[in-house]
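Input: a single structure, listed below in structure tokens.
The values are calculated or read from the model by the stated rules, or taken from the named source; none is laboratory data. Since the model is a prediction, treat every value here as computed from it, not as a measurement. As a convention, Cβ positions derive from the backbone with ideal geometry for all residues, glycine included, and neighbour counts pool all protein chains shown. Ligands, DNA and RNA are excluded from the accessible area calculation, which covers all protein heavy atoms including side chains. Shrake-Rupley method; radii C 1.70, N 1.55, O 1.52, S 1.80 Å.
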Amino acid sequence: MKLFLFSFLMLNNLFLVAQPEKIEHVKIGLDSTQQENLFPHINQYYEGEIPIAQLGDMEGIQTAENYKIQSFIINYAHGEKNVSVEVKGNIIPKEVIEDIYKFALGEMVFITKIVTEDENKNIFELIPMNLIPIE
């Protein structure tokens with residue numbers, strides 16, 4: 001009888017341990033389909049080589065739909081020296097494009113301190129861009 005009782009208790013405990021627990025699924029973070037791409041780009045050129053005509057595109061530097069580029073700094077080679085130009089807005093000035101065409105074609109151009117504003121007037125600094133203008 002004792003053996004039967006002991007076996008019954010052990011078997012009962014085994015079934016309790018072996019029973020799976022109900023797992024609740026928890027969602028962490030935002031839905032990935034709702035996240036906006038805040039990477040800056042010029043006509044979908046994010047880094048690397050870019051045709052000089054695209055660099056001077058009238059759409060300028062862009063990011064997510066509801067964000068407006070306020071300013072940026074563009075750095076490029078000019079002969080033996082480097083030039084740094086602060087630009088208000090999102091379009092690289094025509095004079096800078098002409099200068100890059102003459103002195104920095106095939107050289108790395110750095111676009112840094114890219115400041116953007118969202119629809120709620122919040123200010124953000126985006127990651128820098130490194131582009132190589134080509135013919």
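Remarks
- Entirely in segment 54-131, the strands (runs of 3 or more DSSP E) that have 3 or more residues that are under 25 Å from residue 36 (Cα atoms): 68-78, 109-117, 123-126
- From the list 48, 56, the lone residue that is on the phi > 0 side of the Ramachandran plot and open to solvent by less than 60 Å² (accessible area, probe 1.4 Å) is 48.
- Restricting attention to segment 53-76, the residues that are closer than 23 Å to residue 135 by Cβ and in contact with an Asp or Glu (Cβ under 8 Å, 6 or more places away or on another chain) add up to 1.
- Leading residue by the ranking (least open to solvent (accessible area, probe 1.4 Å)) among those in segment 76-135 that are basic (Lys, Arg) and more than 20 Å from residue 65 (Cα to Cα): 81
- Search result, residues across segment 27-57 that are modelled with pLDDT of 90 or more and among the β-branched types (Val, Ile, Thr): 42, 50, 52
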